[in-house]
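Enquirer: I'd like to ask you about the structure that follows.
Coordinate-derived values only; no laboratory data. Everything numeric here is computed off the predicted structure, so don't read it as measured data. Every residue, glycine as well, gets a Cβ built from its backbone with ideal geometry; the counts of neighbours run over all protein chains shown.
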Amino acid sequence: MSIIDWFDRRQKSGSKREKLNIPGDLWVKCFHCSEILYLKDLEANLKVCPKCNYHFRITPEERVRYLLDEDSFKEVSADMGPIDFLEFVDSKPYAARIKEAQSKTKHKDAVVIGTAMIDALPANVGIMNFGYMGGSMGSVVGEKVTLLIEAGIANKHPVLLFTSSGGARMQEGLMSLMQMAKTSAALARLRDAKVPFFSILCDPTTGGTTASFAMLGDVNIAEPGALIGFAGPRVVEQTIRQKLPKGFQRAEFLLAHGMVDIVVSRLELKSTLARLMRVLTLTSGRKGKK
Amino acid sequence: MKILEFEKPIEELYVKIEELKRLSTDSEIDMADEISKIEKRASQMKKEIFSNLSPTQVIQISRHPNRPSTLGLARLIMDDFVELHGDRVFGDDPSIVGGPAVMDGRRVMVIGHQKGMDTKDNIYRNFGMPNPEGYRKALRLMQMAETFEMPIITFVDTPGAYPGLGAEERGQAEAIARNLREMANLTVPVISYIVGEGGSGGALGIAVANRVYMLQYAVYSVISPEGCASILYRDAKHAEIAAKNMRITAPDVLNLGLADGIIPEPVGGAHQDWPLTAQEIKSSIASSLKKYDGMSKDAIKNERYDKFRSFGKFNVGSR
Ligand SMILES: [Zn+2]
């Protein structure tokens, strides 16, 4: 449902998102504080505004570069692609939407998965791609997230998933809804295998993605300011017919309400993940004693 | 009882029949022939209309205010049923009900959405849209069923989980997600019936089942057609097209492999005859549960896991 808000925002912020009209695209304007930033500086700061701490949305490629050990990411199942099995047509056919998203993002669907090292610790890593149809979860996302979890069950390395998604992909109908159950069931098995799952909630994570694996981390980590919720803010506002409180459904709001464990700046995310991975996978010296 | 738009031609004939009956008693003219002719036409028309329903018409039936409810079905199907309340965390959500029951000498746990029968009741039941407490109550009861080795029967009928402020504050997403994960771990059989509206995550939150059956005129969808239309078509008026495209009727869901069977409804829909509907569901429960007698706990759990693990249509691509 909360894809509504994404569409909304996309429409409203269409012009804001443009880079400044300066040759070479060397400068960008912060969406939040309007500060003019030198692109190189912004990138060196992992696309976090040095002035106001606004966390820009980033691509899977950027996430790999910023948060994983250099050249350690080995992608798997990159060729898995969607099928328009309902022959779904809205204002555009789903088949056309797929083509468009694929040529825009150079990805077959809205999540990449693989293995990587974080501070020399091995991990199974998945990264959702909001740029691909709003990161919506259809069959491919559901299957790849499940494969990622199953890799963790097999190799016993922690599973890390960076979420960014408007929810279920309507163009795959009820099949999309079932991906919520499929991925959550796989997490039950991951728990049985005693392998930790870190859910890193990035802006925005809503709908069926939140109501399945995103909320089921052994540790739920959120990036500052990330919108996280079940229903989108617009739907909630229409339902209750009153103004939403300030900061509603933002990472800090969820922290205050006990729904996420920590809110961590992207600049400290890698070291925090490494610390948590060490702590949770540390073998105790008292093994054997029961 | 509420007459749906497409039922009106049938209703008109019935009104005419009543009129003729009154007229014939008053005037002592024998109109039996005329009456039986119209009665035949009415039942013929009913059959025709109900065998050619559009998805939008099916949705109207699925949302009929007199659609059988969980509490109604529990009373009709079960020999005994004790409703239990509360999630032991925050409160009791009247839009999900449940409790232990006995059917033909067999213990089961009944859980389901509960809509209201009139406006006042509907406000109390929040129109069948649960808050997190509802899902947490459902899970508590399911885990009680696990402890006492009782099969779980769930009845689904919700427009969706409630998109309210408090629901967000108290973790609607977490409550549903947790149910999806924990239901996967149950070692007792779970049988789910989509009775009316199977509204998205709010429905799935109590429907991760070994067997999922849909009533003939129930619907099951990832988003309401109105919601889908307002997002993808930017206009809720396109709900009719959205309903068609999303394939949400029982035969469609069966075709997609996401339901295991269809429970037939009386002509005119389940709201016309609760006892008959209850009887159909009861015999389905009995035959479904028989399959699990003597099945090991692991086998029951794995069957459910494998079922959901197999859902998805995609291109594997070259590796
Ligand atoms: Zn800024």
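Enquirer: Hey, can you tell me all the residues within region B:162-211 that are among the acidic types (Asp, Glu), more than 14 Å from the chain's Cα centre (by Cα) and over 30 Å from residue A:247 (Cβ atoms)? So that I can check it myself, show each step before the final result.
Expert: Filtering region B:162-211 down to residues among the acidic types (Asp, Glu) leaves B:168-169, B:174, B:182, B:197.
Still in the running and more than 14 Å from the chain's Cα centre (by Cα): B:168-169, B:174, B:182.
The answer is B:182, and nothing else.
Enquirer: Okay, next question. In region A:89-120, what residues are under 30 Å from residue A:276 (Cβ atoms) and either part of a helix (DSSP H, G or I) or among the β-branched types (Val, Ile, Thr) (or both)?
Expert: First pass over region A:89-120, keeping only residues under 30 Å from residue A:276 (Cβ atoms): A:105, A:107, A:109-120.
Those that are under 30 Å from residue A:276 (Cβ atoms) and either part of a helix (DSSP H, G or I) or among the β-branched types (Val, Ile, Thr) (or both): A:105, A:111, A:112, A:113, A:115, A:118.
Enquirer: Just checking, which of B:255, B:245 is within 11 Å of chain A (Cβ to nearest Cβ), more than 27 Å from residue B:131 (Cβ to Cβ) and in contact with a strand residue (DSSP E or B) (Cβ under 7 Å, 6 or more places away or on another chain)?
Expert: B:245
Enquirer: Kindly check whether there is at least one residue in region A:80-100 that is within 30 Å of residue A:120 (Cβ to Cβ) and within 14 Å of another protein chain (Cβ to nearest Cβ). Steps first, answer last, please.
Expert: In the first step, residues of region A:80-100 are kept if they are within 30 Å of residue A:120 (Cβ to Cβ); the result is A:80.
From the residues that got through so far, the ones that are within 14 Å of another protein chain (Cβ to nearest Cβ) too are A:80.
The answer is yes; a qualifying residue exists.
Enquirer: If I go through region A:48-69 residue by residue, how many of them are within 10 Å of the ligand (Cβ to nearest atom) and part of a loop (DSSP other than H, G, I, E, B)?
Expert: 7
Enquirer: Every residue in region B:95-112 that is surrounded by fewer than 20 Cβ atoms within 10 Å (Cβ to Cβ) and either in contact with a helix residue (DSSP H, G or I) (Cβ under 6 Å, 6 or more places away or on another chain) or not hydrophobic (A, V, I, L, M, F, W, C) (or both), please. Outline the logic, then answer.
Expert: Within region B:95-112, the subset surrounded by fewer than 20 Cβ atoms within 10 Å (Cβ to Cβ) is B:99-100, B:102, B:104-107.
Matches in region B:95-112: B:99, B:100, B:104, B:105, B:106, B:107.
Enquirer: Could I ask something else about it? How about region B:268-283: which of its residues are under 23 Å from residue B:9 (Cα atoms), within 15 Å of the chain's Cα centre (by Cα) and assigned to a helix (DSSP H, G or I)?
Expert: B:270, B:271, listed by residue number.
Enquirer: Count, please, the residues in region B:279-319 that happen to be among the aromatic types (Phe, Trp, Tyr) and more than 10 Å from chain A (Cβ to nearest Cβ).
Expert: Step one: list which residues in region B:279-319 are among the aromatic types (Phe, Trp, Tyr), which gives B:292, B:305, B:308, B:311, B:314.
Then drop every residue that is not more than 10 Å from chain A (Cβ to nearest Cβ), which leaves B:292.
Adding up the residues that qualify gives 1.
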